[in-house]
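These notes are about the structure you will find just below.
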Amino acid sequence: MAECILVLDAGTTSTRAMVFDRQGGLEAVCQAELTQHYPRPGWVEHDAAEIWEKTLGCMREAVGEDADRIAAIGITNQRETVVAWDRNSGEPLARAIVWQDRRTSGFCAKLKDEGHEPSVQQRTGLLLDPYFSGTKMRWMLDNDEAVKAAHDKGTLAFGTVESWLVFKLSGGTHISDASNASRTLLLALDGEQFDEDLCELFGVPRESLPQVVDTHGELAVAAEEWLGQTVPITGLVGDQQSATIGQGCLSFGETKATYGTGAFVLTNKGSDIPRSDHRLLGTVLHQSGGQRTYAIEGACFVAGSLIKYLRDELGLIESAAQTEELARSIEDSGEVVIVPALAGLGAPHWMPEARSVISGLSFASGKAQIARAALEAMAHQTHDLAQAFAADGAPWASLRIDGGMSANDWMAQDLADILGIEVERPEFVETTALGAAVCAAVGAGLYPSLDAAAAQMRGKADTFKPSMDADVREARLARYAKALSAA
């Protein structure tokens, strides 16, 4: 009996294919980097054809000649990134606009000035920010001739990355799961399908959008040509919701933080539609049989991408792992503070035009101080979110962390120290992919529920307990607050 799950993890900087066994063990992995296009300051684009081609290549390499063992496919993805393609040809019409892109800030500001944000937030759980998908779709319609022509012909298809991959794998099925759909500004949190009134507000044609489906179940079928046999697609889930599921945060109040390209914190809110008075987001965590479980979310746009920037653009480090060695080599950052607003500031500030600040530099400041300050910025940003969550009635009793940066022991301990709570990290930190495997395993009938699958597949975890003196903690937070005011 086929019991392995193939996960396609279409991230921001790379795409991967991973094969999990029924117990959550990783059997195979293949990864390929994605080209990042920056045509103007604040613009970030991907080649949708490259996403598909590299995902397909990774999928075939990870599975090899033994496709018979694959019971189902689960897909997780960078969420708010928008792809536009032609339904007839199946080819992309323009470069995908990535979630980090800020080109629609003027449109968002106009809608705010017109007074639309309170009602949009009430209906969608989201704020008017370039981060989300709907304004990107509108920009494509207004500015790209191929997109406009496809709309005029009635062949335009919009979708987030999981929607694009399903369309290509299945040969034409146009769907989006509820977790991704809830990030578009076009889905009311209590609405079954994309909302006509919201589509009209943002100027996005409803007919170009996919059907909204569950996060797990019999969703689509990958065609025989890709792996030599048809394979059901039984799990679709946005990357941050997927990590929450992979972390086993399936009960009310449980919280996870993922430190990847950005930093994303989600707290399970059960069946209650989340409402925030402190500029956090309401989102769909997962959906089964049309029934939704929700989460409240805070998103910081820059986390691991700051370390990548120090390596690739400034040349201060040779590898991400070097930051831990440098941080441990000194007693403190020498009062160097970094506010990592390289793509604006996300929650709870929502300042798309903010720019990064490095403060406290002196002749005593070297790469060790800057590297340590970059890691400290993760705890500072997370502390801002913790305060907003608590003010919204969702305080954290503990925090489960994952993502590539969480492998850094120094950073994990610093989080515990600054937040003043226990931080738990699973031995297998790639919980985004694991969550998609959990969803697909349940969708394929290998487990009866997400709880049962996560309990079996998550594995062991390490715990970091706070140990920093209160006066040291408060001095650091005060320096960060001062630097933040300059951003």
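The values are calculated or read from the model by the stated rules, or taken from the named source; none is laboratory data. Since this is a predicted model, take the numbers as computed values, not measurements. We place every Cβ from the backbone using ideal geometry, glycine too, and count neighbours over all the protein chains shown.
Kindly check whether there is at least one residue in the stretch 31-45 that is among the polar types (S, T, N, Q) and farther than 17 Å from L434 by Cα. Yes, that holds for at least one residue.
Okay, residues lined up against (1) crowded, with 21+ Cβ neighbours inside 10 Å; (2) in contact with a helix residue (DSSP H, G or I) (Cβ under 8 Å, 6 or more places away or on another chain); (3) not in a strand (DSSP E or B):
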| position | (1), (2), (3) |
| --- | --- |
| V19 | yes, yes, no |
| R22 | no, yes, yes |
| E27 | no, no, no |
| A32 | no, yes, no |
| P39 | no, no, yes |
| I51 | yes, yes, yes |
| T76 | yes, yes, no |
| R79 | yes, yes, yes |
| N88 | no, no, yes |
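Here is the figure for the stretch 255-272: residues that are among the charged types (D, E, K, R) and either farther than 22 Å from G74 by Cα or surrounded by fewer than 24 Cβ atoms within 10 Å (Cβ to Cβ) (or both) total 2.
Looking at the stretch 247-266, which of the residues that are touching an Asp or Glu at 6+ places or on another chain (Cβ under 7 Å) and touching a residue at least 40 places away in the same chain (Cβ under 8 Å) is farthest from N408 (Cα to Cα)?
As a first pass, look at the stretch 247-266 and keep what is touching an Asp or Glu at 6+ places or on another chain (Cβ under 7 Å): 247, 250, 256, 258, 264-266.
Keeping just the survivors that are touching a residue at least 40 places away in the same chain (Cβ under 8 Å) gives 247, 250, 256, 258, 265.
Details: Q247: 18, L250: 26, K256: 16, T258: 13, V265: 18 Å.
Taking the candidates together, the pick is L250.
Counted as qualifying within the stretch 273-357 are no strands (runs of 3 or more DSSP E), as none has 3 or more residues that are touching a residue at least 40 places away in the same chain (Cβ under 8 Å) and surrounded by fewer than 20 Cβ atoms within 10 Å (Cβ to Cβ). The residue that is modelled with the lowest pLDDT, counting only those in the stretch 402-429 that are β-branched (V, I, T) and touching a helix residue (DSSP H, G or I) at 6+ places or on another chain (Cβ under 6 Å), is V429. When T432 is tested against (1) surrounded by fewer than 24 Cβ atoms within 10 Å (Cβ to Cβ); (2) modelled with pLDDT under 95; (3) assigned to a helix (DSSP H, G or I), just one condition goes unmet, and that condition is (1).
Each row is one residue, and each column tells you yes or no for (1) surrounded by 22 or more Cβ atoms within 10 Å (Cβ to Cβ); (2) more than 23 Å from A475 (Cα to Cα).
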| position | (1), (2) |
| --- | --- |
| H380 | yes, no |
| Q387 | no, no |
| D392 | no, yes |
| S406 | yes, yes |
| I421 | no, no |
| A437 | yes, yes |
| A440 | yes, yes |
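Residue-level check: of (1) buried (at least 20 other Cβ atoms within 10 Å of the Cβ); (2) of a type outside the set (K, R); (3) at pLDDT 95 or above; (4) under 25 Å from A222 (Cα atoms), L56 misses just (1). Identify all residues within the stretch 145-173 that are charged (D, E, K, R) and crowded, with 16+ Cβ neighbours inside 10 Å; write none if there are none. Within the stretch 145-173, E162, K168 meet the criteria.
The residue that is surrounded by the fewest Cβ atoms within 10 Å (Cβ to Cβ), among those in the stretch 180-200 that are closer than 18 Å to T293 by Cα and among the acidic types (D, E), is D190. Here H383 passes the criteria (1) closer than 23 Å to P426 by Cα; (2) touching a strand residue (DSSP E or B) at 6+ places or on another chain (Cβ under 9 Å); (3) at pLDDT 90 or above except the one numbered (2).
Across the stretch 408-449, which residue is farthest from V265 (Cα to Cα) among those that are of a type in the set (G, A, S) and in contact (Cβ under 8 Å) with a residue 60 or more places away in the chain?
Going residue by residue through the stretch 408-449, those that are of a type in the set (G, A, S) are 412, 416, 420, 433, 435-437, 440-441, 443-445, 449.
Applying the additional criterion that residues be in contact (Cβ under 8 Å) with a residue 60 or more places away in the chain yields 433, 435-437, 440-441, 443-444.
Details: A433: 17, G435: 15, A436: 18, A437: 20, A440: 23, A441: 24, G443: 25, A444: 28 Å.
Within the stretch 408-449, the match that is farthest from V265 (Cα to Cα) is A444.
From the list R400, R372, the lone residue that is touching a Ser or Thr at 6+ places or on another chain (Cβ under 9 Å), surrounded by 24 or more Cβ atoms within 10 Å (Cβ to Cβ), outside any strand (DSSP E or B) and not small (G, A, S) is R372. Being in contact with a strand residue (DSSP E or B) (Cβ under 8 Å, 6 or more places away or on another chain), acidic (D, E) and touching a residue at least 40 places away in the same chain (Cβ under 8 Å), is that true of even one residue in the stretch 7-28? Looking for residues that are in contact with a strand residue (DSSP E or B) (Cβ under 8 Å, 6 or more places away or on another chain), acidic (D, E) and touching a residue at least 40 places away in the same chain (Cβ under 8 Å), one finds at least one in the stretch 7-28, hence yes. In the stretch 125-140, the qualifying residues are those that are part of a loop (DSSP other than H, G, I, E, B) and of a type in the set (A, V, I, L, M), and the one that is nearest to L201 (Cα to Cα) is L128. Restricting attention to the stretch 450-469, the residues that are free of Cβ contacts under 8 Å to residues at least 40 places away in the same chain and among the aliphatic types (A, V, I, L, M) total 2.
Screening the stretch 106-120 for residues that are closer than 20 Å to F301 by Cα and surrounded by 19 or more Cβ atoms within 10 Å (Cβ to Cβ) and picking the one that is nearest to the chain's Cα centre (by Cα) gives C108. Annotation: of all residues in the stretch 408-419 being touching a Leu at 6+ places or on another chain (Cβ under 9 Å) and of a type in the set (A, V, I, L, M), the one that is surrounded by the fewest Cβ atoms within 10 Å (Cβ to Cβ) is L419.
Quick one: how many residues across the stretch 230-254 are among the polar types (S, T, N, Q), surrounded by fewer than 24 Cβ atoms within 10 Å (Cβ to Cβ) and at pLDDT below 95?
Step one: of the stretch 230-254, the residues among the polar types (S, T, N, Q) are 230, 234, 240-242, 244, 247, 251.
Now drop any that are not surrounded by fewer than 24 Cβ atoms within 10 Å (Cβ to Cβ), which leaves 230, 251.
Okay, now just the ones that are also at pLDDT below 95, so 251.
Within the stretch 230-254, residues that are among the polar types (S, T, N, Q), surrounded by fewer than 24 Cβ atoms within 10 Å (Cβ to Cβ) and at pLDDT below 95 number 1.
Within the stretch 443-463, the only residue that satisfies the criterion of being buried (at least 16 other Cβ atoms within 10 Å of the Cβ), in a loop (DSSP other than H, G, I, E, B) and modelled with pLDDT under 95 is R458. Taking the criterion of being under 25 Å from L345 (Cβ atoms), among the charged types (D, E, K, R) and surrounded by fewer than 16 Cβ atoms within 10 Å (Cβ to Cβ), the residues of the stretch 464-485 that qualify are E474, K482.
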